[in-house]
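Q: Below is a structure I'd like to ask you about.
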Ligand code: MN
């Protein structure tokens, strides 16, 4: 059976606290979603603002393959706003639980039904596809849901969606609810789940197993409160678990996730399924050994099937196989004795609670091999100032491939200004800073801090560190260490 994907990253996803997309960002994400193969893009809620309408209209005018939809309440003004954006369909939301009808709307069930049917009629009169979504549907008396479904069908509704708006559903209960509705329904059923109990994906799958054929999802599981069911989890679970056809180009999942992460500024948790940084990262020696012999031993999902890359991280569980693999990625060859030395140093750092990055491993290998490495970039001078009467500013003089470059930049503080100045001075090096993290190793204001940066250069991820009692110098050190590694392996 074909399962349709309705992506609501641009509507429910944008209701994530702190997230707001510009019209251009919305369009870029919509194009990526279309390219990924989603069936319906809920582009926003047209009544919200002028900027929102601009974004929705840009998407609707783009001529994408996907159906473009706007959220609307059962109010004529909401529907008119959506119509003005030239959308194909309306995600028409009617609160159906007694709690919502009584306390939010202050009306009766009969009045609610009447308003809903009028709204459907109005949408149909304007030639729109209508997906009626029952807000708080999971806490609605199921007999009342049946009644709404029946009347809405008579009014020509095209789809009927049950929303677990507050994320309180459980897999067996949602299965039971959808089984009943699927027996009665003449239109396709949709499911819209939230992750308040961490069950959004499980509930979505359960609904599909009971007859739902449209799943509402968001990229990276963005969304109100704990978020929505995540596109990547639902798609991969339906595909790998049940072999459903969804027409999704799964190998584009990672790049779409990256685009959304960058646009909204909400970092994906490292341990997030499918798209977290650690989803295909192996540390333990036994695992790495198994993976190198046959990836299936510890990888049930192929990283390349979602466009991700396998990574190895070295810690105290490391074995020689992983070290050899990482050294060969760094194009360093070693003797057995040198390898033992390197292994001991990595384990020593692991015992101290440190994860050995590729930059660390390269430095260890160079010292064991007695190699003096000429650094491609070196900081000659650095000044960073902060205060309450002016904009934090930094200027830097670096030597890069023998040339001296002086640059300056401002920032939100001295660290940001210094990092920006370095970035300007090294703009010829293709990379972006994807993560910055500071740890204080000792207490007090003279504490030693350790800065970790993660840089992405083309399809490689480099992790580098810097340490010291001056946070600006430690940060610059970490960044420069990472850039040096990138430059050594640019070719
Ligand atoms: Mn929602």
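The numbers here are math on the coordinates, done by the rules we state, and not lab data. As the structure is a prediction and not an experimental result, all values here were calculated from the model. Here Cβ is always computed from backbone atoms with ideal geometry, including for glycine, and neighbour counts include all displayed protein chains.
Q: Rounded, prolate or oblate: which fits the range 377-488, taking a ≥ b ≥ c as square roots of the Cα gyration tensor eigenvalues, rounded meaning a/c under 1.5, else prolate when a/b beats b/c?
A: oblate
Q: So, one more: What three numbers, in Å, describe the spread of the alpha carbons of the chain along their principal axes, ordered from the longest?
A: That works out to 81, 58, 45 Å along the principal axes.
Q: Which semi-axis lengths, in whole Å and largest first, follow from the square roots of five times the eigenvalues of the Cα gyration tensor of the range 281-369?
A: Values: eigenvalues 108, 36, 29 Å².
Here the semi-axes work out to 23, 13, 12 Å.
Q: log10 I(q)/I(0), Debye, Cα-only the range 4-264, no solvent, q = 0.09, 0.16, 0.17 Å⁻¹?
A: Here the Debye-derived log intensity ratios amount to -0.35, -1.20, -1.37.
Q: Quick one: 428, 404, fewest Cβ neighbours within 10 Å first, how do they rank?
A: Numbers: 428 9, 404 12.
Placing the least packed residue first, the sequence is 428, 404.
Q: In whole Å, what is the distance between the alpha-carbon centres of the range 355-379 and the range 199-242?
A: 44 Å
Q: If you don't mind, another one. Restricting to the chain, compute how many DSSP beta bridges are antiparallel as a %, nearest 5. Display every interim value, and only then the final one.
A: Values: 35 of 74 bridges.
Within the chain, antiparallel bridges account for around 45 percent of the total.
Q: What value, in deg cm²/dmol to 500, does the helix sum -39500 (n - 2.57) over DSSP H runs of n ≥ 4 give at 222 nm once divided by the residues of the chain? It would help to have the intermediate numbers written out before the result.
A: Details: 15 runs with 188 residues, N = 491.
Computed mean residue ellipticity for the chain: -12000 deg cm²/dmol.
Q: What is the order of 485, 339, fewest Cβ neighbours within 10 Å to most?
A: Working: 485 23, 339 17.
Listed from fewest to most nearby Cβ atoms, that is 339, 485.
Q: To make sure I understand, if each residue's beta carbon is the centre and we count other beta carbons within 10 Å, what order do 199, 99, 231, 330 fall in, fewest to most?
A: Final ranking by Cβ density, sparse to dense: 99, 330, 199, 231.
Q: Something else about it: Helix 171-184 against the longest principal axis of the chain: what's the angle in degrees, Cα atoms only, rounded to the nearest 10?
A: That helix lies at roughly 40 degrees to the long axis.
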